[in-house]
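Report on the following structure.
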Amino acid sequence: MDSRLFLSLSLCFLLSLLPDLARSSALRFPDWLGDKNTRGLTTGISSVVVDPSRVTQISWRPRAFIYRGFLTYEECDHLIRLAKDKLEKSMVADNESGKSIASEVRTSSGMFLGKAQDEVVAGIEARIAAWTLLPEENGEAMQILHYEHGEKYEPHFDYFHDKANQQLGGHRVATVLMYLSDVTDGGETIFPNSEAKDTQQKGDNWSDCAKKGYAVKPYKGDALLFFSLHPDATTDALSLHGSCPVIEGEKWSATKWIHVRSFDKTVNTAKGDCVDEDDNCTRWAAAGECERNPVYMVGSPGGLGYCRKSCKVCSS
């Protein structure tokens, strides 16, 4: 038998087993540990496994999936505690220069955690790699975002238009957006160009913004995975997405962007490590972020920070 035909038939056979694998996942995949919360999920520490029965494909164009209960409530609360006192106004990447700039397109506040900053963060990062089948080193540091009343992020792409940002790790191939809180009204994630937007039924409990595309409601613990590139690595214009304004309550989320190549920084010993990796480092350092957010700004045993020069921690 032709090897290509054999591989094709084998793949079809495995795909046919997916429903049975999902139904038997309780036997094959250890579940969350701990006590059940009000949504039937649990609040203890989880192991580095994925449960296919909790994953739903919501769109093929763009490719997007929802994982119900990806994070425990305990993990959500932990990430919020890490970020709460360290938030800065969110920035966007300028399409021409690639530099981070302030814009009314994005009105949230946020901060970056350090990679593997603590045991909980490291466990979540490992679980993301297991679910996406993409290497941990291809991921950026996790960003925690906070949206208050009226705050939003207009539809945008996660892949880059400028060459500067593409040089480190290449395009962002996938995004994992984790919801850390429920939102009373609004705050949906929207895909205006999704081919599934006209088939999604929406009632009065959806915001007007959410009715302009395929939308995902933010529920604490859930995670949304979507791909910004096609399997052939070309950019997917249907991956346009945004965050609808919060109408009532507040929204907390954690974002992990994953690149086509390793995103981990390497130290050029010839030039030394006394550099800033972000144009905002000087401003952040002046605002006291070196002390408030040392893992991101200065670094940890797991890697160098992004603002070592402005924090004045470089060796002579």
- Select from the range 166-191 the residues that are in a loop (DSSP other than H, G, I, E, B), open to solvent by 40 Å² or more (accessible area, probe 1.4 Å) and modelled with pLDDT of 95 or more and write down the one among them that is nearest to Ala223 (Cα to Cα). Asp182
- Which residue out of Leu79, Leu71 is open to solvent by less than 30 Å² (accessible area, probe 1.4 Å), hydrophobic (A, V, I, L, M, F, W, C), in a loop (DSSP other than H, G, I, E, B) and at pLDDT 95 or above? Leu71
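Quick one: how many residues across the range 192-228 are in a loop (DSSP other than H, G, I, E, B) and either in contact with a Cys (Cβ under 8 Å, 6 or more places away or on another chain) or among the aliphatic types (A, V, I, L, M) (or both)? Show your work before the answer.
Just the residues of the range 192-228 that are in a loop (DSSP other than H, G, I, E, B), to begin with: 192-208, 213, 217-222, 228.
From what's left, either in contact with a Cys (Cβ under 8 Å, 6 or more places away or on another chain) or among the aliphatic types (A, V, I, L, M) (or both): 196, 207, 220-221.
Number satisfying all stated conditions: 4.
Name the residue that is modelled with the lowest pLDDT, counting only residues in the range 246-276 that are in a loop (DSSP other than H, G, I, E, B) and open to solvent by less than 60 Å² (accessible area, probe 1.4 Å). Walk me through how you get there before you give the answer.
Taking the range 246-276 first, the residues in a loop (DSSP other than H, G, I, E, B) are 249-250, 260-275.
Among the residues that remain, those that are also open to solvent by less than 60 Å² (accessible area, probe 1.4 Å) are: 249, 262-263, 272-273.
Values: Gly249: 96, Ser262: 88, Phe263: 83, Gly272: 54, Asp273: 61.
Filtering first and then ranking leaves Gly272.
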- Message: Just checking, does the range 292-299 include any residue being closer than 29 Å to Leu134 by Cβ, in a helix (DSSP H, G or I), open to solvent by 30 Å² or more (accessible area, probe 1.4 Å) and at pLDDT 75 or above?
- Response: yes
- Note on the structure: Residue hits (the range 216-229; touching a Leu at 6+ places or on another chain (Cβ under 7 Å) and open to solvent by 30 Å² or more (accessible area, probe 1.4 Å)) are Lys220
- Hey, does the range 192-215 have a residue that's buried (at least 20 other Cβ atoms within 10 Å of the Cβ) and either within 22 Å of Gly139 (Cβ to Cβ) or of a type in the set (Asp, Glu) (or both)? no
- Subset of the range 230-245 [buried (at least 21 other Cβ atoms within 10 Å of the Cβ) and over 13 Å from Ile190 (Cα atoms)]: none
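For the range 118-142, enumerate the residues that are open to solvent by 10 Å² or more (accessible area, probe 1.4 Å) and in contact with a strand residue (DSSP E or B) (Cβ under 7 Å, 6 or more places away or on another chain).
Just the residues of the range 118-142 that are open to solvent by 10 Å² or more (accessible area, probe 1.4 Å), to begin with: 118-120, 122-123, 125-126, 129-138, 140.
Once the filter is applied, which keeps residues that are open to solvent by 10 Å² or more (accessible area, probe 1.4 Å) and in contact with a strand residue (DSSP E or B) (Cβ under 7 Å, 6 or more places away or on another chain), the range 118-142 yields Glu125, Trp131, Thr132, Leu134, Asn138, Glu140.
The values are calculated or read from the model by the stated rules, or taken from the named source; none is laboratory data. These numbers were taken from a predicted model, which means no experiment stands behind them. Every residue, glycine among them, receives a Cβ derived from its backbone with ideal geometry; neighbour counts consider all protein chains shown. These accessible areas exclude ligands, DNA and RNA; they are computed on the full protein's heavy atoms, side chains included. Shrake-Rupley method; radii C 1.70, N 1.55, O 1.52, S 1.80 Å.
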